[in-house]
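Peer 1: Pasting a structure here, questions to come.
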Amino acid sequence: MKKLVAVIPVRAGSQRVKDKNFRPFAGKSLLEHKLELIKTLPVDDIVVNTDSERAIEIAKEYGVNYHRREPYYASSKCSNSEFHHYLAKVTEGKEILVAQVTAPLIKRESYLKAIEEFYKNDCNSLMSVKVLKEFIWYKGKPLNYSIEKTPNSQDLPEYLVPTFGLVVVNRDAMLGSRSYIGSKPYFLPISQEESIDIDTDIDFDFAEYMFSRRKT
């Protein structure tokens, strides 16, 4: 069994952003950009996990492997827990690096750091996170501060928000937890720019602008 396998999950359709994985993004598709980056990393294999014929064509063009995803696991009926368990089950690697195409601004340096930190620390999963320091309300009440003693924003507690853009996880841990997060997680903070995830047309346009600016 291979040690570290990079998996790029790609669905044929998108409910909110039409053809987001394949429409032009700074000259190429999101999948092509991600493949070009992942091919520079110290991984033992690269697999595009997809239900899309176009994604399979691109995987072949880039000389990487692919797994044809069963229709249910590409549908909105499939929960994240079901998909994570399925992804672990069909991936032949001791560890899995999950690289989302919808996070095109994550830098190569962050992937390298994630791999290094995963093997250096006593953990069975690593996930990229963004640090949140905001005044948060929930059900009509402040959640993380007191109105009577409103702090300066820099003194608010830090919350870690998983971005799901970059994951390294032990396959057995993923099978057991049915999640990208195992029993011994390590959280890797990334920049606000890198944490952008394409979920809307505005996200797509803004990420493309930031990506293109980085190239100039």
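The values are calculated or read from the model by the stated rules, or taken from the named source; none is laboratory data. What you see is a predicted model, and the numbers here were worked out from it, not measured in a lab. Glycine gets a Cβ as well: all are built from the backbone with ideal geometry, and neighbour counts include every protein chain shown.
Peer 1: Please specify each residue of segment 1-41 satisfying the condition of being basic (K, R) and within 22 Å of E117 (Cα to Cα). Give the derivation first.
Peer 2: Of the residues in segment 1-41, the ones basic (K, R) are 2-3, 11, 16, 18, 20, 23, 28, 34, 39.
Across segment 1-41, the qualifying residues are K2, K3, K34, K39.
Peer 1: State all residues of segment 117-136 that are among the charged types (D, E, K, R) and either surrounded by 13 or more Cβ atoms within 10 Å (Cβ to Cβ) or over 28 Å from S177 (Cβ atoms) (or both); if no residue qualifies, say none. If you could, list the steps in order and put the result at the bottom.
Peer 2: The first filter runs over segment 117-136 and keeps only residues among the charged types (D, E, K, R), leaving 117, 120, 122, 130, 133-134.
Residues satisfying the conditions are E117, K130, K133, E134.
Peer 1: Which condition from (1) at positive phi; (2) exposed (fewer than 15 other Cβ atoms within 10 Å of the Cβ) is the one that D205 breaks?
Peer 2: (1)
Peer 1: When the residues of segment 115-144 are filtered to those that are part of a loop (DSSP other than H, G, I, E, B) and touching a helix residue (DSSP H, G or I) at 6+ places or on another chain (Cβ under 9 Å), which remaining residue is nearest to A173 (Cα to Cα)? If you could, list the steps in order and put the result at the bottom.
Peer 2: Residues of segment 115-144 that are part of a loop (DSSP other than H, G, I, E, B), as a first pass: 121-124, 133-136, 139-140, 143-144.
From the residues that got through so far, the ones that are touching a helix residue (DSSP H, G or I) at 6+ places or on another chain (Cβ under 9 Å) too are 123-124, 133-135.
Working: C123: 10, N124: 7, K133: 30, E134: 32, F135: 35 Å.
Restricting to residues being part of a loop (DSSP other than H, G, I, E, B) and touching a helix residue (DSSP H, G or I) at 6+ places or on another chain (Cβ under 9 Å), the top hit is N124.
Peer 1: Inside segment 1-18, can you point out the residues that are without any contact (Cβ under 8 Å) to a residue 40 or more places away in the chain and loosely packed, with under 13 Cβ neighbours inside 10 Å?
Peer 2: Selection gives K18 alone.
Peer 1: Is it true that K184 is more than 15 Å from the chain's Cα centre (by Cα), surrounded by fewer than 16 Cβ atoms within 10 Å (Cβ to Cβ) and free of Cβ contacts under 8 Å to residues at least 40 places away in the same chain? Before the answer, list the steps.
Peer 2: Details: more than 15 Å from the chain's Cα centre (by Cα): yes; surrounded by fewer than 16 Cβ atoms within 10 Å (Cβ to Cβ): yes; free of Cβ contacts under 8 Å to residues at least 40 places away in the same chain: no.
In short, no.
Peer 1: Still on this structure, I have one more. Just one of K149, K107, K139, K89 is more than 25 Å from K18 (Cβ to Cβ), modelled with pLDDT under 95 and either polar (S, T, N, Q) or surrounded by fewer than 21 Cβ atoms within 10 Å (Cβ to Cβ) (or both); which is it?
Peer 2: Numbers: K107 fails: modelled with pLDDT under 95; K139 fails: modelled with pLDDT under 95; K89 fails: modelled with pLDDT under 95.
After ruling out the rest, the residue left standing is K149.
Peer 1: Give me the helices (runs of 4 or more DSSP H) completely within segment 18-104, filtered to those with at least 1 residues that are over 18 Å from the mean Cα position of the chain (by Cα), ordered by residue number.
Peer 2: On the way: elements: 30-38, 53-61, 80-90.
Because the criterion is at least 1 residues that are over 18 Å from the mean Cα position of the chain (by Cα), the helices (runs of 4 or more DSSP H) in segment 18-104 that meet it are 53-61, 80-90.
Peer 1: Also, I was wondering about something else. Scan segment 141-155 and report the pairs whose first residue is closer than 17 Å to V131 by Cα and whose second residue is assigned to a loop (DSSP other than H, G, I, E, B) and β-branched (V, I, T), with Cβ atoms within less than 8 Å and a gap of 6+ or a chain change.
Peer 2: L143/I136; N144/I136
Peer 1: Moving on to the next point. Please verify whether M174 is assigned to a helix (DSSP H, G or I), among the hydrophobic types (A, V, I, L, M, F, W, C), over 17 Å from I115 (Cα atoms) and in contact with a Leu (Cβ under 9 Å, 6 or more places away or on another chain), treating the condition exactly as stated. Before you say what the answer is, go through the steps one by one.
Peer 2: Working: assigned to a helix (DSSP H, G or I): yes; among the hydrophobic types (A, V, I, L, M, F, W, C): yes; over 17 Å from I115 (Cα atoms): no; in contact with a Leu (Cβ under 9 Å, 6 or more places away or on another chain): yes.
It is false that M174 is assigned to a helix (DSSP H, G or I), among the hydrophobic types (A, V, I, L, M, F, W, C), over 17 Å from I115 (Cα atoms) and in contact with a Leu (Cβ under 9 Å, 6 or more places away or on another chain).
Peer 1: Which numbered condition trips up L112, out of (1) of a type in the set (A, V, I, L, M); (2) more than 24 Å from P42 (Cβ to Cβ); (3) exposed (fewer than 14 other Cβ atoms within 10 Å of the Cβ)?
Peer 2: (2)
Peer 1: Output yes when any residue across segment 23-42 is surrounded by 19 or more Cβ atoms within 10 Å (Cβ to Cβ) and farther than 27 Å from D201 by Cα, and no when none is.
Peer 2: no
The rows are residues; the columns are (1) part of a loop (DSSP other than H, G, I, E, B); (2) not small (G, A, S).
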position	(1), (2)
V167	no, yes
S179	yes, no
D197	yes, yes
D205	no, yes
